[in-house]
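Novice: The structure that follows is given in the form of C-alpha coordinates.
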Amino acid sequence: MPETSIGNAWRRASQRIGRLDARLLLERVRGCSHADLIAHPERSMTEDEASRFEALVSRRAAGEPLAYLLGSAWFGGLEFAVGPAVLIPRPETELLVDLAARRARTLEKPRIADLGTGSGCVAVLLALRCPQADVTAVDISAAALEVARANAARHGAAVRFLEGDWYAPLAGERFDLIVSNPPYVADGDPHLGMNGLPFEPRQALTDGVAGGDGLGCIRRIAAPAARHLEPGGWLLMEHGYDQAAKTRKLLSEAGFREIASWRDGAGIERVSGGQRPPDVDCLPAA
Ligand code: GLN
(Lines give C-alpha, C1' and ligand atoms only; values in the text may rest on other atoms or scores of the structure.)
Protein backbone atom coordinates (compact mmCIF):
# COMPACT_ATOMS: atom_id res chain seq x y z
CA MET A 1 0.00 0.00 0.00
CA PRO A 2 1.51 3.42 -0.89
CA GLU A 3 2.35 5.69 2.02
CA THR A 4 -0.63 7.91 2.88
CA SER A 5 -0.36 11.35 4.44
CA ILE A 6 -2.93 12.33 7.05
CA GLY A 7 -4.03 15.28 4.91
CA ASN A 8 -4.68 13.10 1.87
CA ALA A 9 -6.50 10.45 3.87
CA TRP A 10 -8.69 13.12 5.47
CA ARG A 11 -9.47 14.77 2.13
CA ARG A 12 -10.38 11.50 0.41
CA ALA A 13 -12.56 10.32 3.30
CA SER A 14 -14.30 13.73 3.48
CA GLN A 15 -15.66 13.18 -0.02
CA ARG A 16 -17.35 9.98 1.17
CA ILE A 17 -18.58 10.79 4.67
CA GLY A 18 -18.14 14.55 5.17
CA ARG A 19 -15.30 16.47 6.74
CA LEU A 20 -16.36 16.31 10.39
CA ASP A 21 -17.01 12.56 10.56
CA ALA A 22 -13.79 11.88 8.65
CA ARG A 23 -11.89 14.05 11.09
CA LEU A 24 -13.33 12.42 14.20
CA LEU A 25 -12.60 8.91 12.89
CA LEU A 26 -9.08 9.92 11.90
CA GLU A 27 -8.44 11.39 15.35
CA ARG A 28 -9.69 8.14 16.89
CA VAL A 29 -7.47 5.96 14.71
CA ARG A 30 -4.38 8.16 15.25
CA GLY A 31 -5.13 8.86 18.89
CA CYS A 32 -4.48 12.55 18.20
CA SER A 33 -6.20 15.91 18.51
CA HIS A 34 -7.81 18.16 15.89
CA ALA A 35 -4.86 20.55 16.32
CA ASP A 36 -2.41 17.75 15.43
CA LEU A 37 -4.29 17.01 12.21
CA ILE A 38 -4.27 20.66 11.19
CA ALA A 39 -0.66 21.30 12.18
CA HIS A 40 0.88 18.22 10.52
CA PRO A 41 -1.14 17.13 7.48
CA GLU A 42 2.07 15.89 5.85
CA ARG A 43 2.68 13.22 8.48
CA SER A 44 2.28 9.72 7.12
CA MET A 45 -0.01 7.05 8.50
CA THR A 46 1.20 3.55 9.17
CA GLU A 47 -0.31 0.79 7.05
CA ASP A 48 -2.24 -0.44 10.03
CA GLU A 49 -3.71 3.03 10.71
CA ALA A 50 -4.60 3.47 7.04
CA SER A 51 -6.42 0.17 6.86
CA ARG A 52 -8.26 0.68 10.18
CA PHE A 53 -9.30 4.16 9.01
CA GLU A 54 -10.48 2.82 5.66
CA ALA A 55 -12.60 0.16 7.42
CA LEU A 56 -14.27 2.77 9.66
CA VAL A 57 -14.92 5.14 6.75
CA SER A 58 -16.55 2.32 4.78
CA ARG A 59 -18.80 1.41 7.71
CA ARG A 60 -19.79 5.07 8.13
CA ALA A 61 -20.45 5.34 4.37
CA ALA A 62 -22.75 2.29 4.72
CA GLY A 63 -24.83 4.20 7.31
CA GLU A 64 -23.49 2.94 10.63
CA PRO A 65 -23.89 5.69 13.25
CA LEU A 66 -20.74 7.63 14.09
CA ALA A 67 -21.33 7.07 17.82
CA TYR A 68 -20.97 3.28 17.42
CA LEU A 69 -17.78 3.70 15.39
CA LEU A 70 -16.31 6.05 17.98
CA GLY A 71 -17.71 3.97 20.86
CA SER A 72 -19.15 7.01 22.60
CA ALA A 73 -21.71 9.81 22.43
CA TRP A 74 -22.25 13.06 24.31
CA PHE A 75 -25.33 13.65 26.45
CA GLY A 76 -25.95 16.46 28.91
CA GLY A 77 -22.32 17.56 28.65
CA LEU A 78 -20.91 14.10 29.48
CA GLU A 79 -19.37 11.44 27.26
CA PHE A 80 -21.11 8.06 27.48
CA ALA A 81 -19.84 4.74 26.16
CA VAL A 82 -22.26 3.31 23.61
CA GLY A 83 -22.34 0.16 21.51
CA PRO A 84 -24.86 -1.78 19.46
CA ALA A 85 -26.53 -3.09 22.66
CA VAL A 86 -27.89 0.38 23.50
CA LEU A 87 -29.76 3.24 21.87
CA ILE A 88 -27.53 6.23 21.13
CA PRO A 89 -28.53 9.10 23.48
CA ARG A 90 -30.52 11.81 21.68
CA PRO A 91 -30.32 15.51 22.62
CA GLU A 92 -34.12 15.73 23.03
CA THR A 93 -33.92 13.27 25.94
CA GLU A 94 -32.18 15.97 27.99
CA LEU A 95 -35.68 17.43 28.46
CA LEU A 96 -36.66 14.32 30.46
CA VAL A 97 -33.58 14.74 32.67
CA ASP A 98 -34.18 18.48 33.15
CA LEU A 99 -37.81 17.98 34.18
CA ALA A 100 -36.95 15.11 36.53
CA ALA A 101 -34.04 16.98 38.11
CA ARG A 102 -36.25 20.02 38.71
CA ARG A 103 -38.78 17.85 40.60
CA ALA A 104 -36.16 15.85 42.45
CA ARG A 105 -34.49 19.01 43.76
CA THR A 106 -37.69 19.95 45.60
CA LEU A 107 -37.48 16.73 47.65
CA GLU A 108 -35.15 15.88 50.48
CA LYS A 109 -34.05 12.36 49.58
CA PRO A 110 -36.05 11.35 46.52
CA ARG A 111 -36.17 7.79 45.27
CA ILE A 112 -36.01 7.78 41.47
CA ALA A 113 -36.53 4.87 39.05
CA ASP A 114 -35.39 4.96 35.41
CA LEU A 115 -37.15 2.25 33.40
CA GLY A 116 -35.40 0.93 30.26
CA THR A 117 -32.15 2.69 31.08
CA GLY A 118 -30.15 1.52 28.01
CA SER A 119 -26.77 3.27 28.12
CA GLY A 120 -27.72 4.60 31.55
CA CYS A 121 -27.42 8.20 30.36
CA VAL A 122 -30.63 9.41 32.05
CA ALA A 123 -29.98 7.64 35.37
CA VAL A 124 -26.31 8.68 35.53
CA LEU A 125 -27.04 12.33 34.73
CA LEU A 126 -29.85 12.42 37.31
CA ALA A 127 -27.66 10.85 39.98
CA LEU A 128 -24.95 13.44 39.32
CA ARG A 129 -27.31 16.40 39.16
CA CYS A 130 -29.24 15.32 42.28
CA PRO A 131 -26.63 13.82 44.62
CA GLN A 132 -29.24 13.60 47.38
CA ALA A 133 -31.36 11.21 45.29
CA ASP A 134 -31.43 7.43 45.41
CA VAL A 135 -31.42 6.31 41.76
CA THR A 136 -32.44 2.84 40.51
CA ALA A 137 -32.16 1.91 36.83
CA VAL A 138 -33.88 -1.08 35.22
CA ASP A 139 -33.34 -2.75 31.85
CA ILE A 140 -34.39 -6.10 30.41
CA SER A 141 -31.12 -6.37 28.46
CA ALA A 142 -28.10 -7.71 30.36
CA ALA A 143 -25.85 -6.37 27.59
CA ALA A 144 -27.31 -2.87 27.98
CA LEU A 145 -26.85 -3.01 31.76
CA GLU A 146 -23.18 -3.82 31.27
CA VAL A 147 -22.79 -0.60 29.24
CA ALA A 148 -24.86 1.38 31.77
CA ARG A 149 -22.80 0.10 34.74
CA ALA A 150 -19.58 1.08 32.96
CA ASN A 151 -21.00 4.56 32.33
CA ALA A 152 -21.98 4.99 35.98
CA ALA A 153 -18.49 3.91 37.06
CA ARG A 154 -16.84 6.20 34.48
CA HIS A 155 -18.69 9.22 35.89
CA GLY A 156 -18.69 8.18 39.53
CA ALA A 157 -22.51 8.05 39.71
CA ALA A 158 -24.14 5.97 42.43
CA VAL A 159 -26.91 4.08 40.61
CA ARG A 160 -28.49 0.74 41.55
CA PHE A 161 -28.95 -1.37 38.40
CA LEU A 162 -31.56 -4.14 38.15
CA GLU A 163 -32.28 -6.54 35.30
CA GLY A 164 -35.89 -7.21 34.32
CA ASP A 165 -39.02 -6.29 32.43
CA TRP A 166 -40.23 -2.78 33.49
CA TYR A 167 -41.54 -3.13 37.08
CA ALA A 168 -40.71 -6.84 37.48
CA PRO A 169 -37.54 -6.28 39.58
CA LEU A 170 -39.26 -3.52 41.60
CA ALA A 171 -41.94 -5.62 43.33
CA GLY A 172 -43.12 -3.91 46.53
CA GLU A 173 -40.97 -0.80 45.91
CA ARG A 174 -42.21 2.79 45.71
CA PHE A 175 -40.55 5.86 44.25
CA ASP A 176 -41.04 9.61 44.30
CA LEU A 177 -40.27 9.84 40.61
CA ILE A 178 -40.44 7.32 37.75
CA VAL A 179 -38.83 8.35 34.47
CA SER A 180 -38.55 6.49 31.20
CA ASN A 181 -37.48 6.90 27.60
CA PRO A 182 -39.15 3.71 26.38
CA PRO A 183 -39.26 2.28 22.87
CA TYR A 184 -42.05 4.20 21.14
CA VAL A 185 -41.47 4.14 17.38
CA ALA A 186 -44.43 2.41 15.66
CA ASP A 187 -43.42 -0.95 14.16
CA GLY A 188 -44.04 -0.01 10.52
CA ASP A 189 -42.60 3.53 10.76
CA PRO A 190 -40.36 4.22 7.72
CA HIS A 191 -38.09 6.17 10.09
CA LEU A 192 -36.80 2.76 11.32
CA GLY A 193 -35.01 2.31 8.00
CA MET A 194 -33.27 5.71 8.12
CA ASN A 195 -30.60 7.75 9.93
CA GLY A 196 -28.69 4.78 11.31
CA LEU A 197 -31.72 3.34 13.14
CA PRO A 198 -31.27 -0.10 11.45
CA PHE A 199 -28.02 -0.40 13.43
CA GLU A 200 -29.66 0.33 16.80
CA PRO A 201 -31.32 -2.37 18.94
CA ARG A 202 -34.86 -2.81 17.64
CA GLN A 203 -35.90 -3.68 21.21
CA ALA A 204 -34.96 -0.13 22.26
CA LEU A 205 -36.95 1.49 19.45
CA THR A 206 -40.27 -0.36 19.09
CA ASP A 207 -42.66 -2.33 21.29
CA GLY A 208 -42.54 -5.16 18.74
CA VAL A 209 -46.29 -5.08 18.10
CA ALA A 210 -46.79 -5.49 14.35
CA GLY A 211 -49.08 -2.79 12.97
CA GLY A 212 -49.35 -1.19 16.43
CA ASP A 213 -49.23 2.49 17.38
CA GLY A 214 -45.87 2.29 19.16
CA LEU A 215 -47.48 3.02 22.54
CA GLY A 216 -47.33 -0.54 23.92
CA CYS A 217 -44.49 0.15 26.34
CA ILE A 218 -45.90 3.53 27.38
CA ARG A 219 -49.14 1.69 28.29
CA ARG A 220 -47.22 -0.94 30.23
CA ILE A 221 -45.37 1.75 32.16
CA ALA A 222 -48.34 4.03 32.83
CA ALA A 223 -50.96 1.47 33.91
CA PRO A 224 -49.23 0.08 37.04
CA ALA A 225 -47.13 3.21 37.76
CA ALA A 226 -49.32 4.54 40.57
CA ARG A 227 -48.68 1.40 42.59
CA HIS A 228 -44.94 2.08 42.45
CA LEU A 229 -45.23 5.77 43.31
CA GLU A 230 -45.47 7.48 46.67
CA PRO A 231 -48.55 9.66 47.12
CA GLY A 232 -47.84 12.86 45.17
CA GLY A 233 -45.07 11.13 43.17
CA TRP A 234 -44.58 11.84 39.47
CA LEU A 235 -44.29 9.75 36.32
CA LEU A 236 -42.46 11.35 33.36
CA MET A 237 -42.17 9.59 29.99
CA GLU A 238 -40.57 10.56 26.69
CA HIS A 239 -42.63 9.76 23.59
CA GLY A 240 -42.83 10.29 19.83
CA TYR A 241 -43.58 13.62 18.12
CA ASP A 242 -47.27 12.71 17.58
CA GLN A 243 -47.95 10.75 20.79
CA ALA A 244 -48.45 13.49 23.40
CA ALA A 245 -52.28 13.53 23.35
CA LYS A 246 -52.49 9.72 23.43
CA THR A 247 -49.97 9.54 26.26
CA ARG A 248 -51.94 12.13 28.28
CA LYS A 249 -55.06 10.01 27.75
CA LEU A 250 -53.26 6.89 29.00
CA LEU A 251 -52.08 8.82 32.07
CA SER A 252 -55.61 9.99 32.73
CA GLU A 253 -56.99 6.43 32.41
CA ALA A 254 -54.33 5.31 34.91
CA GLY A 255 -55.69 7.85 37.43
CA PHE A 256 -52.98 10.51 37.19
CA ARG A 257 -53.64 14.21 37.78
CA GLU A 258 -51.80 17.43 36.93
CA ILE A 259 -51.21 15.79 33.54
CA ALA A 260 -49.06 17.86 31.18
CA SER A 261 -46.73 17.67 28.19
CA TRP A 262 -43.49 19.57 27.67
CA ARG A 263 -41.77 20.65 24.45
CA ASP A 264 -38.20 19.83 23.46
CA GLY A 265 -35.73 22.26 21.90
CA ALA A 266 -37.34 21.71 18.49
CA GLY A 267 -40.73 22.79 19.87
CA ILE A 268 -42.17 19.25 19.79
CA GLU A 269 -44.20 17.86 22.70
CA ARG A 270 -41.66 15.24 23.77
CA VAL A 271 -42.32 14.38 27.43
CA SER A 272 -45.65 13.85 29.19
CA GLY A 273 -46.28 13.15 32.82
CA GLY A 274 -48.57 13.34 35.76
CA GLN A 275 -48.87 13.06 39.50
CA ARG A 276 -50.16 10.10 41.43
CA PRO A 277 -53.25 10.95 43.46
CA PRO A 278 -52.80 10.65 47.26
CA ASP A 279 -55.25 7.76 47.59
CA VAL A 280 -54.16 4.94 45.31
CA ASP A 281 -57.11 2.72 46.29
CA CYS A 282 -59.41 4.92 44.24
CA LEU A 283 -57.49 3.97 41.10
CA PRO A 284 -58.78 1.52 38.51
CA ALA A 285 -57.21 -1.95 38.80
CA ALA A 286 -53.84 -2.22 37.02
N1 GLN B 1 -36.18 9.36 19.54
C2 GLN B 1 -35.74 8.14 18.89
C3 GLN B 1 -35.91 8.26 17.39
O4 GLN B 1 -36.91 8.71 16.94
C5 GLN B 1 -36.51 6.95 19.40
C6 GLN B 1 -36.17 6.67 20.81
C7 GLN B 1 -37.13 5.75 21.47
O8 GLN B 1 -37.85 4.95 20.87
N9 GLN B 1 -37.14 5.85 22.73
O10 GLN B 1 -35.00 7.92 16.68
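The values are calculated or read from the model by the stated rules, or taken from the named source; none is laboratory data. Keep in mind that this is a model prediction, so the values were computed, not measured. Cβ: placed from backbone, ideal geometry, glycine included. Neighbour counts: every protein chain shown. Accessible surface areas use protein heavy atoms only, side chains included; no ligands, DNA or RNA. Shrake-Rupley method; radii C 1.70, N 1.55, O 1.52, S 1.80 Å.
Novice: Heavy atoms only, probe 1.4 Å: what % of the accessible area of the range 47-196 goes to carbon and sulfur, would you let me know?
Specialist: 52 percent
Novice: Another question, if that's okay. Hey, if you put +1 on the Cβ of every Lys and Arg and -1 on every Asp and Glu Cβ in the chain, which of A148, I112, M194 ends up farthest toward the positive end of that dipole?
Specialist: I112
Novice: Something else now. Given R₀ = 30 Å, what would the calculated FRET efficiency be for L192 paired with R220, taking r from the Cβ atoms and rounding to 0.05?
Specialist: Working from the Cβ atoms, E equals 0.90.
Novice: Can you compute the modelled spin-label distance between A62 and Y241, with each label point 7 Å from Cα toward Cβ, in nm?
Specialist: 2.9 nm
Novice: Rounded to the nearest whole Å³, what is the per residue volume of the convex hull around the Cα atoms of the range 17-78?
Specialist: 93 Å³
Novice: Using the Cα gyration tensor of the range 21-155, with a ≥ b ≥ c the square roots of its eigenvalues, what is the shape: rounded (a/c below 1.5), prolate (a/b larger than b/c) or oblate (neither)?
Specialist: Since a/c reaches 1.5 and a/b is larger than b/c, the shape of the range 21-155 is classed as prolate.
Novice: Which of P182, P131, P65 moves most in a GNM of the chain, Cα contacts under 10 Å?
Specialist: In this elastic network of the chain, the residue with the biggest mean-square fluctuation among P182, P131, P65 is P131.
Novice: For the chain, what does the accessible surface come to per residue with a 1.4 Å probe? Please give it in Å². Could you put the intermediate results ahead of the total?
Specialist: Details: 13130 Å² over 286 residues.
Result: 46 Å² of accessible area for each residue.
Novice: Moving to a separate point now. Kirkwood hydrodynamic radius, computed over distinct alpha-carbon pairs, for the range 227-271: how many Å, to one decimal?
Specialist: 11.2 Å
Novice: With r as the distance between the Cβ atoms of D279 and A55 and R0 = 41 Å, compute the FRET efficiency 1/(1 + (r/R0)^6) and round to 0.05.
Specialist: Here the calculated transfer efficiency is 0.10.
Novice: Any chance you could run the full-extension gain for F199 through E27? It's 0.36 nm times the residue separation minus the Cα-Cα distance, nm to one decimal.
Specialist: The F199-E27 span can extend by a further 59.6 nm.
Novice: Work out, step by step, the length gained on full extension between E47 and E79: first 0.36 nm times the residue separation, then minus their alpha carbon distance; give nm to one decimal.
Specialist: 8.5 nm
Novice: Moving on to the next point. Could you compute how much accessible surface T46 exposes when probed at 1.4 Å, giving the result in Å² to the nearest 10?
Specialist: Only protein atoms counted, so the area is about 70 Å².
Novice: So, one more: Can you give the relative contact order of the chain as a percent, counting alpha carbon pairs under 8 Å and 6+ residues apart?
Specialist: With pairs under 8 Å counted, the relative contact order is 13 percent.
Novice: Heavy-atom accessible area of K109 with all protein chains present, probe 1.4 Å, nearest 10 Å²?
Specialist: 140 Å²
Novice: Now a separate question. Would you calculate, for the chain, the mean residue ellipticity at 222 nm contributed by helices, counting each DSSP H stretch of 4 or more residues as -39,500 (n - 2.57) and dividing by all residues, to the nearest 500?
Specialist: Calculated mean residue ellipticity at 222 nm is -11000 deg cm²/dmol.
Novice: Same structure, new question: Within the range 99-130, which residues have the backbone N less than 17 Å from the label spot 7 Å out from A153 along Cα→beta-carbon, could you tell me?
Specialist: 119-121, 124
Novice: Over the range 101-238, one equal point on each Cα, no solvent: what is log10 I(q)/I(0) by the Debye formula at q = 0.11, 0.18 Å⁻¹?
Specialist: Each listed q maps to, in turn, -0.40, -1.01.
Novice: Gain in length, R16 to E173, computed as 0.36 nm per residue apart minus the alpha-carbon separation, to one decimal in nm?
Specialist: My answer for the length gained is 51.3 nm.
Novice: Compute, for the range 119-175, the length of the dipole vector about the Cα centre, with Cβ point charges of +1 (Lys, Arg) and -1 (Asp, Glu) only. Units Debye, rounded to 20.
Specialist: Dipole size: approximately 260 debye.
Novice: Also, quick follow-up: Rounded to the nearest angstrom and ordered from largest down, what semi-axes does the equivalent ellipsoid of the range 123-162 get from its C-alpha gyration tensor (root of 5λ)?
Specialist: 17, 11, 6
Novice: Which residues does a label at I268 reach in the range 65-93, if reach means a backbone N under 12 Å from a point 7 Å past the Cα toward the Cβ?
Specialist: Hits in the range 65-93 for I268 at 12 Å: 90-93.
Novice: OK, next. With a 1.4 Å probe and all protein chains in place, put W234, W262 in order of accessible area, largest first.
Specialist: Of W234, W262, the descending order of accessible area is W262, W234.
Novice: Under unit Cβ charges (Lys, Arg +1; Asp, Glu -1), what dipole magnitude, rounded to 20 debye, does the chain have relative to its Cα centre?
Specialist: 400 debye
Novice: Using a 1.4 Å probe and counting only protein heavy atoms, arrange L177, L78, L20 so the residue with the most accessible area comes first.
Specialist: L20, L78, L177
Novice: If one computes P(r) from the Cα atoms of the chain, what percent of pairs lie at distances over 35 Å?
Specialist: 26 percent
Novice: Quick one: among S44, S141, S252, which has the greatest mean-square fluctuation in a GNM of the chain with alpha-carbon springs under 10 angstrom?
Specialist: Highest fluctuation among the options: S44.
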